[in-house]
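Asker: One structure, pasted below without further comment.
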Amino acid sequence: MISATGILARNSPSFVRTAFQCYAARERFVPLLPGSAVAEATGVRIDKILEPDASTGWFDEAHPVLFEDTEAQINFTSGTEGWPKGIILSHRALADTVSRLNAVMELDGSVREYVGVPAFYSFGLGRFRACAD
C-alpha cells in the first residue's frame, strides 16, 4: 500500500496553494472528494488530510516546475470500467506537460487566466500549474 497526504477537494485558491505546498515539500498527495473512500479502497493509505478553505479570488503566485522523478500526486480515473484506478504522476511528468503546453501556446508569466473547471480536477490543476510557471 502506498501512502499519501489527502487534500479535500475545494474549488478555491486555497486548494491550489495547498497542492503547490505539497509539491514544494515533495509530499505526495491525492485530491479527495468529501466522503470519498476511493483512495483507501484502491491501495492508497491517507496519512493525513489537509482541508483548504473555500475562499474565492485569484491565484497569483509563481511556483517553479520540478523536473524530478519523485512522485508528486495520485489522480484517480473516473472508474467507467470498474473501480477507479490510481495513477501516480511524477514531478517530471507534470513539468514536461507544463513546459510543452506553455511553449506551444506561447504562455509566460504575464498571462492571467480564468480556469473554468474545478481546481481539483486534473485539467484544472494543470492550468494553474501552467500559469504559475
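Asker: Return the Rg/Rh value of the stretch 1-122, two decimal places, where both radii are evaluated on C-alpha atoms and Rh is the Kirkwood radius.
Answerer: Reported Rg/Rh (Cα atoms, Kirkwood Rh): 0.96.
Asker: Under the Karplus relation 6.51 cos²θ - 1.76 cosθ + 1.60, θ = phi - 60°, what is the ordered set of whole-Hz ³J(HN,Hα) values for the stretch 63-73, x standing for Gly and Pro?
Answerer: 9, x, 7, 10, 8, 10, 8, 6, 6, 9, 7
Asker: Provide the gained length on full extension for the span Asp60 to Ala93, in nm with one decimal, where the gain is 0.36 nm per separating residue minus the Cα-Cα distance.
Answerer: 9.6 nm
Asker: Once the Cα gyration tensor of the stretch 55-120 is diagonalised, what are the square roots of 5 times its eigenvalues, in whole Å and ordered largest first, as equivalent ellipsoid semi-axes?
Answerer: 25, 18, 12
Asker: Just to confirm a number: summing +1 for Lys and Arg and -1 for Asp and Glu over residues other than Leu50 whose beta-carbon lies under 13 angstrom from that of Leu50, what do you get?
Answerer: Around Leu50, the charge tally is 0.
Asker: Now, a different point. For the chain, give me the percentage of DSSP beta bridges that are antiparallel, rounded to the nearest 5 percent.
Answerer: Once the DSSP bridges in the chain are tallied, antiparallel ones form about 30 percent.
Asker: What list of ³J(HN,Hα) couplings, whole Hz, do you get for the stretch 105-111 from phi and the Karplus terms 6.51, -1.76, 1.60, once you set θ to phi - 60° and write x for glycine and proline?
Answerer: So the Karplus estimates, Gly and Pro as x, are 8, 6, 8, 9, x, 7, 7 Hz.
Bear in mind these aren't lab numbers, they're just calculated from the coordinates by the rules spelled out. Predicted, not measured: the structure shown is a model, and the values here were computed from it. Reconstructed Cβ throughout: ideal geometry from the backbone, glycine too, with neighbour counts over all protein chains shown.
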